[in-house]
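K.L.:
I am attaching a structure below and will ask some questions about it afterwards.
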Amino acid sequence: MVTTCRPSLDRDWEGRRDLITVAAEIFESDWQPPDLEPGRWRDSLRTYCRDLRAHYRHHPGMTTLALSENITMARHPAMLRNVDALIGFFAHVGLSLPDSYRACMETIRLVVGFVELQDRLYDRPPAHLNPTDLLHVPPPWLQPEADQNLPNLKQAGELEPDSPDKLFEFSLDVLVEGIAARTPS
């Protein structure tokens, strides 16, 4: 009788999780954020977000992998320091501690979400997507049929498409002005 030695599925899963966790931690430790200057907080926050976006784009799919495998990258000391510094930055700008934490989390969500939902389509279009579809406003999957009464989508179809960079700058405007509305004047 021949027996085969099969590794435990639980052990394989833990080994996979450990490997992904280490990769996520290396990814996080690799980023050195720019200085956050409360005196020029708007420009400083924009620079921080642009730099974080570039880091995520330089490591395509890392956030998707971490999210899909339920791996938190926040365990790494570098990530903890970065989050702590961002919370402190918002507190120095004049936000309350709860709002400083919220602004920190929203900043990270904005950048990660933009990279995963917008940049990813442009950087690595899925096989089923025609890259020229990204040059249409709205994209073909949002264009109404001729017999549909959707005037706003039809009017939007006459607009020039925005580049991902222009869309990111718009997102930064919304973030910065939203935070500014909560800071003491």
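The values are calculated or read from the model by the stated rules, or taken from the named source; none is laboratory data. It should be emphasised that the depicted structure is a prediction, and the values quoted were computed from it without experimental measurement. Glycine gets a Cβ as well: all are built from the backbone with ideal geometry, and neighbour counts include every protein chain shown. Just the protein is used for accessible areas: all its heavy atoms, side chains included, with ligands, DNA and RNA removed. Shrake-Rupley method; radii C 1.70, N 1.55, O 1.52, S 1.80 Å.
K.L.:
Does E177 satisfy the criteria of being open to solvent by 80 Å² or more (accessible area, probe 1.4 Å), outside any helix (DSSP H, G or I) and not aromatic (F, W, Y)?
P.N.:
no
K.L.:
Moving to a separate point now. Take D147 and decide whether it is open to solvent by less than 90 Å² (accessible area, probe 1.4 Å) and free of Cβ contacts under 8 Å to residues at least 12 places away in the same chain.
P.N.:
Working: open to solvent by less than 90 Å² (accessible area, probe 1.4 Å): no; free of Cβ contacts under 8 Å to residues at least 12 places away in the same chain: yes.
Taking the combined requirement at face value, the residue does not satisfy it.
K.L.:
Name every residue in segment 111-130 that is more than 18 Å from K166 (Cα to Cα), touching a Pro at 6+ places or on another chain (Cβ under 7 Å) and surrounded by fewer than 14 Cβ atoms within 10 Å (Cβ to Cβ), in order of residue number.
P.N.:
R124
K.L.:
In segment 29-49, is there at least one residue being at pLDDT below 75, aromatic (F, W, Y) and in a helix (DSSP H, G or I)? Quick ask: steps written out before the conclusion?
P.N.:
Initial filter on segment 29-49 (at pLDDT below 75): 29-30.
Retained after the next criterion (residues that are aromatic (F, W, Y)): none.
Looking through segment 29-49, none of the residues is at pLDDT below 75, aromatic (F, W, Y) and in a helix (DSSP H, G or I).
K.L.:
Further question: Have a look at A103, A127, A146 and point out the one that is part of a helix (DSSP H, G or I) and small (G, A, S).
P.N.:
After applying the criteria, what remains is A103.
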